[in-house]
Amino acid sequence: MNKVLMAALKALSYPDIDIKKSYKIERQLKSLPKLKVPSPYYTSWDHQVFAGDHQVPVRIFTPRTVGRHRVLVFFHGGGWVTGNIDSYDRVCRDMCQLTNCIVVSVDYRLAPEYPFPAGLEDCYQVTREIFLDDSLFDTSPDEIVLVGDSAGGNLAAAVSLLARDRREFLPRRQILIYPATYPTHGAGSPFASTRENGQDYLLTSKRVDDYLQLYAGRPGDFQNPYFAPLLCGDLSRQPDTLIITAEYDPLRDEGEAYGQKLSQFGARVRTERIPDALHGFFSLPLGFAMVKDCYRIIGEFLSDTGAL
């Protein structure tokens, strides 16, 4: 990474900003109206999934191509505190177009108003409905893939663990894009990436911990494997997994460690580190080489019917 870019990144990285006080402003910025351009490649519509005493909004993107389509259940990033289906609309449109898959974007409840496990339960209930009612998309369980980036990658991994433990359904594949899997990123972190990449690359280690503190409903959550999947003592019966990390990301090593631990318990895992990439690169426009590489890897994973 060249020195000019490094200097710019350092100027834009604010480790002392208190996200606990500013998250509402960040939400508003991410929710600003965005231009939606009609596309010949997909159609989209909004839907509601009943989840106990409330409904979970979802946005569904369907390719215009003829035939059966795999379903990608997508959980957005934003530290469990920001982001929604509107702020990730373009990402999901691109995903639908480039993978030729149906994309179901889940607008789960956000912390701190709805702390753990509220957002996770929303993601689980939407996934459950898709798995248990094959008439929704004329698809089979083998054709449903969980996908998430950052906090969404954490949620995808946790939904897979919940599904195994509750025994209502079992995902066959998951794609975790720079997932958060560990509960601390300060001095107590065992991962070098939190120190090497934790200050000058936009997302800081301090901000990750601030998000986690907002997400937690109580102190005991930090030891809960559904909150931090890398803490899970038993990762058996987990899906085939693609983990994509970014070179200059404080979450890099914990994402890769999760892949290693899944492998130790028998899961088939492919882990790819994108060179020169920062946390959040998946939301960049398609013209960026690192985004193209990411979708190439995702395409290979989706089309692989044998060993990874």
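The values are calculated or read from the model by the stated rules, or taken from the named source; none is laboratory data. None of the values given here were measured: they were computed from a predicted structure. So basically every Cβ, Gly included, is an ideal-geometry build from the backbone, and we count neighbours across all protein chains shown. SASA here: full protein model, heavy atoms, side chains in, ligands and nucleic acids out. Shrake-Rupley method; radii C 1.70, N 1.55, O 1.52, S 1.80 Å.
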Q: Would you please name the residue that is modelled with the highest pLDDT, looking only at residues in the range 35-50 that are more than 21 Å from the chain's Cα centre (by Cα) and surrounded by 10 or more Cβ atoms within 10 Å (Cβ to Cβ)?
A: PHE50
**Q.** Only one of ALA156, ALA111 that is open to solvent by less than 10 Å² (accessible area, probe 1.4 Å), out of contact with any strand residue (DSSP E or B) (no Cβ under 8 Å at 6 or more places or on another chain) and closer than 30 Å to GLN28 by Cα
**A.** ALA111
**Q.** Of all residues making up the range 58-77, the number that are open to solvent by 10 Å² or more (accessible area, probe 1.4 Å) and either among the basic types (Lys, Arg) or in a loop (DSSP other than H, G, I, E, B) (or both)
**A.** 8
Q) So is ARG207 of a type in the set (D, E, K, R), assigned to a helix (DSSP H, G or I) and open to solvent by 10 Å² or more (accessible area, probe 1.4 Å) or not? A) yes
Q. Among the numbered criteria (1) under 23 Å from SER236 (Cα atoms); (2) in a helix (DSSP H, G or I); (3) more than 20 Å from the chain's Cα centre (by Cα), which single criterion is violated by ARG195?
A. (1)
**Q.** Given (1) open to solvent by less than 20 Å² (accessible area, probe 1.4 Å); (2) assigned to a loop (DSSP other than H, G, I, E, B), index of the condition LEU242 fails
**A.** (2)
Q. Looking only at the range 90-106, which residues are open to solvent by 10 Å² or more (accessible area, probe 1.4 Å), part of a helix (DSSP H, G or I) and either at positive phi or out of contact with any helix residue (DSSP H, G or I) (no Cβ under 6 Å at 6 or more places or on another chain) (or both)?
A. ARG90, ARG93, ASP94, GLN97, THR99
Q) Which condition number does GLY148 fail, the rest of (1) within 24 Å of TYR23 (Cα to Cα); (2) open to solvent by less than 20 Å² (accessible area, probe 1.4 Å); (3) in a helix (DSSP H, G or I); (4) not aliphatic (A, V, I, L, M) being met? A) (3)
